[in-house]
Every structure is written in C-alpha cells, then in structure tokens.
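*Asks:* Please find one structure pasted underneath; my questions will follow.
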Amino acid sequence: MPAREPENIMVLPRLREPDAALRDKNVVVVSHAPRQLEGAGFPVRRPFPSQAISWTMSDPFLLLDHMGAVEYAPGEAKGAPWHPHRGFETVTYMMDGAFRHRDSNGGGGLITNGDTQWMTAGAGILHDEMPPDELVRTGGLFHGVQLWVNLPRRLKMTPPRYQSISADKVLLLASSDGTAIIRLIAGLLGSFQGPGVTWTPITVAHVSVTANAQFRTPWPASYNAMAYILAGQGRVGADDAPVAEGDGIVFGPGDTVRIRANAQQDAPTPRLELLLLGGEPIREPIFSYGPFVMNTRSEILQAIEDFQSGRMGHIPASQLFGD
C-alpha cells in the first residue's frame, strides 16, 4: 500500500495529543462490508449505505466503495464507462495502481499512488472512470476508494467543478508520538487543513497506525465520525471494539477518536490502515435514483429528463471514438 509515504517521519508536523480528560467516542456500529460488482464488473466492498449503516448515520456521506486490493491478470481490469451524476460529489483516492477519469467539462486525468480526484457533479455532468490501457494490457495491482459526498439543497445545482489533488499535495502529518502517519486529504484535523476544497464541511484522511500503537485525535463537536478499515486489525473507540479489514465503523458521542493497532498484523501490511472521515450532517431528505441524488422524486424525474435531453453535457467526440 504505497500511497504517499514520508522519507522521514521525524520531520513531519505532529498532531497534539488530546487532553487525557477528553472523552473517547464510543462505537455505535461495526459492520462488515459485503462484496459486489460495480461499473463494467469490477469488485468493490461497500460499507455504506447498508442495513447496518444508514444515510442518517453517514450523513453527509452517501456511499463508500473500497475497490480492491486486487491483482488483475492481463485483460481483466475493468472500470465504469460514461455515465451521468447530479446532486453530489465523487472523491476517488488511489493507493495502488491507476485510474483514468474524463468528464464532459474537459476535466480529468490519470490518478495513481496517493492521488485524489474530486469531482463536484452539482447540476450535472457525464464522466467515465477506467483503468489505463497499460493496466488492462499487462495487469497489476489495483487498490482505491471512492466516496460520495452529498450536497445540501441550496448547492444541488451548483456548476460542476474538478479538482486534482496529487500525492505531493496531500498533507502528511504524524501522531504526537510518531507511531501513526496521517494523510490529510480534506478538512480539518486538529489545527491542520487538508488541500481538498469542499462545499460540505468534512474531514477525510488515510491513517496508518504502527502495530501495537495507538492513534488518538480530537474531533469537531458538530461532525459525525466514521472509519473504514482498509487493511489490518485493531480496536476502536472507548469500547475497544475489535475491527478488521472490510469493517465500517460509526462512532457515537465523545470528544476524541481512538484507534489501536493489534500487536500482530497480517501481511501484506505491517500496520493498521484506515480511512477516517466525518462531517457536518446536512439533515435534509434524500431521494436517490442510480447516479442522481436529490431531495424529491420530482427532482429525480427532472434529472432523468435533463440527462436524456443532453442538458448534462455531451461526450466529446475525441473521447467517444478514441484520442
């Protein structure tokens, strides 16, 4: 899992250790993510939405897909061909391998180890997400996540925009004792601000905790708090709830998030790897149909009509027929 690694953890800015008197959040839900196929048939784990983790719990997040880790043979790699979105943002973070994004606004590019692509669909956009030709031809390791972030009613029809956050722009931090590496993609953690520009106040970070170590961080009082275990085993929250790869976690009340890594970790990583995320709940009705997420059924019907009439954009001929 090479996602960006520091050359020397000792020189990284450090998060301050939270006051011992602050209360660790308890755990409300630990749910193991089922496997399913998405797009043209690539495997994902989806911890939410699910029967255990509803939109009310994950608000302002709509969906999280864990793609891989999978070792593709030549010709096996698949993606998600051209499709529309409206009403939310997609965040794609690659840890291994590569993914290519193109959209009808001219945004996109190749993301690889440690890169993030942040697409605000807003009023509507067409895009595709495909493995590069080299990965399809030769095969190789592929590992990433995609997060859908909701937009409030007042921003559902905001103009689309695209952000490319290369690995060298992600903010690298260390825990107070130097036993955890934090890659802050967006939002606030302690006094530090990640590079992603967000409409909805959120925090998204990839955290690596050394075996037999603990990571503890303060958390904004107005945010919910969640985590997803990318690899390894550990315990989380005030309850020391056991977790392992594929588990989605929802935290409850408290001031801090606490993560412990087990002394023994399974290969291929010697650390506990997790996605830590949270944000201010929007608390508005959600009406979803496939790639459209709005507030009412009539808005969904309008989105379908707008897509079918071409008002969400057109696939450029050069991309439709090949560059």
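The values are calculated or read from the model by the stated rules, or taken from the named source; none is laboratory data. Model, not experiment: these values are computed from the prediction. Virtual Cβ from ideal backbone geometry, glycine too; neighbours counted across all protein chains shown.
*Asks:* Which numbered condition trips up Pro81, out of (1) under 25 Å from Pro159 (Cα atoms); (2) within 16 Å of the chain's Cα centre (by Cα); (3) free of Cβ contacts under 8 Å to residues at least 60 places away in the same chain?
*Replies:* So the condition that Pro81 fails would be (2).
*Asks:* Suppose we filter Ala205, Ala186, Ala221 for residues that are touching a Leu at 6+ places or on another chain (Cβ under 6 Å), of a type in the set (Gly, Ala, Ser) and either buried (at least 19 other Cβ atoms within 10 Å of the Cβ) or modelled with pLDDT under 95 (or both); which single one remains?
*Replies:* Residue meeting the stated conditions: Ala205.
*Asks:* Can you tell me which residue in segment 128-144 is surrounded by the most Cβ atoms within 10 Å (Cβ to Cβ), limited to those that are in contact (Cβ under 8 Å) with a residue 40 or more places away in the chain and part of a loop (DSSP other than H, G, I, E, B)? If you could, list the steps in order and put the result at the bottom.
*Replies:* Keep residues of segment 128-144 that are in contact (Cβ under 8 Å) with a residue 40 or more places away in the chain, which gives 128-131, 135-144.
Okay, now just the ones that are also part of a loop (DSSP other than H, G, I, E, B), so 131, 139.
Working: Pro131: 22, Gly139: 16.
Top of the filtered list is Pro131.
*Asks:* State all residues of segment 290-314 that are within 11 Å of Gly87 (Cα to Cα) and either out of contact with any Lys or Arg (no Cβ under 9 Å at 6 or more places or on another chain) or free of Cβ contacts under 8 Å to residues at least 24 places away in the same chain (or both); if no residue qualifies, say none.
*Replies:* If the condition is that a residue be within 11 Å of Gly87 (Cα to Cα) and either out of contact with any Lys or Arg (no Cβ under 9 Å at 6 or more places or on another chain) or free of Cβ contacts under 8 Å to residues at least 24 places away in the same chain (or both), then Ile300 is the only one that fits.
*Asks:* A follow-up question, please. Only residues that are surrounded by fewer than 18 Cβ atoms within 10 Å (Cβ to Cβ) and among the aromatic types (Phe, Trp, Tyr): list them for segment 66-99, please.
*Replies:* Trp82
*Asks:* Which one of the conditions (1) within 17 Å of the chain's Cα centre (by Cα); (2) touching a residue at least 40 places away in the same chain (Cβ under 8 Å) does Arg100 fail to meet, given that it meets all the rest?
*Replies:* Every condition holds for Arg100 apart from (2).
*Asks:* To continue, here is another question. Which of the residues spanning segment 109-137 are farther than 24 Å from Asp168 by Cβ, small (Gly, Ala, Ser) and more than 17 Å from the chain's Cα centre (by Cα)?
*Replies:* Once the filter is applied, which keeps residues that are farther than 24 Å from Asp168 by Cβ, small (Gly, Ala, Ser) and more than 17 Å from the chain's Cα centre (by Cα), segment 109-137 yields Gly122, Ala123, Gly124.
*Asks:* Can you say whether Ala231 is of a type in the set (Gly, Ala, Ser), surrounded by 19 or more Cβ atoms within 10 Å (Cβ to Cβ) and closer than 18 Å to Ala261 by Cβ, as far as the supplied structure shows?
*Replies:* Criteria met by Ala231.
*Asks:* What are the pairs with Cβ atoms under 6 angstrom where one residue, in segment 254-267, is closer than 10 Å to Val209 by Cβ and the other, located anywhere, is in a loop (DSSP other than H, G, I, E, B) and of a type in the set (Gly, Ala, Ser)? Sequence gap at least six, or different chains.
*Replies:* Ala261/Ala211; Ala261/Ala213; Gln265/Ala211; Gln265/Gly232
*Asks:* Can you find a residue in segment 145-168 that is polar (S, T, N, Q) and either part of a loop (DSSP other than H, G, I, E, B) or free of Cβ contacts under 8 Å to residues at least 12 places away in the same chain (or both)?
*Replies:* Yes, segment 145-168 contains at least one residue that is polar (S, T, N, Q) and either part of a loop (DSSP other than H, G, I, E, B) or free of Cβ contacts under 8 Å to residues at least 12 places away in the same chain (or both).
*Asks:* Considering only segment 7-66, give the strands (runs of 3 or more DSSP E) lying wholly within it that have at least 3 residues that are more than 20 Å from Val243 (Cα to Cα) and modelled with pLDDT of 95 or more.
*Replies:* Output list is empty.
*Asks:* On to the next question. Might you check whether a residue that is of a type in the set (Val, Ile, Thr), surrounded by fewer than 24 Cβ atoms within 10 Å (Cβ to Cβ) and more than 25 Å from Leu301 (Cα to Cα) occurs anywhere in segment 116-123?
*Replies:* no
*Asks:* Follow-up question, since we're still on this one. Given the conditions (1) polar (S, T, N, Q); (2) part of a loop (DSSP other than H, G, I, E, B); (3) within 17 Å of Arg45 (Cα to Cα), which single one is not true for Asn105?
*Replies:* (3)
*Asks:* Just wondering, is there one or more residues in segment 95-102 that are within 17 Å of Ile125 (Cβ to Cβ), in a strand (DSSP E or B), touching a helix residue (DSSP H, G or I) at 6+ places or on another chain (Cβ under 6 Å) and of a type outside the set (Asp, Glu)?
*Replies:* Yes; the residues of segment 95-102 include at least one that is within 17 Å of Ile125 (Cβ to Cβ), in a strand (DSSP E or B), touching a helix residue (DSSP H, G or I) at 6+ places or on another chain (Cβ under 6 Å) and of a type outside the set (Asp, Glu).
*Asks:* Scan Asn212, Asn295 and give me the residue that is over 18 Å from Phe48 (Cα atoms) and either surrounded by 15 or more Cβ atoms within 10 Å (Cβ to Cβ) or touching a helix residue (DSSP H, G or I) at 6+ places or on another chain (Cβ under 6 Å) (or both). I'd like the intermediate steps shown before the answer.
*Replies:* Values: Asn212 fails: either surrounded by 15 or more Cβ atoms within 10 Å (Cβ to Cβ) or touching a helix residue (DSSP H, G or I) at 6+ places or on another chain (Cβ under 6 Å) (or both).
After ruling out the rest, the residue left standing is Asn295.
*Asks:* Let me confirm something: among Ala221, Ala231, which residue is without any contact (Cβ under 8 Å) to a residue 40 or more places away in the chain and more than 17 Å from Ile185 (Cβ to Cβ)?
*Replies:* Ala221
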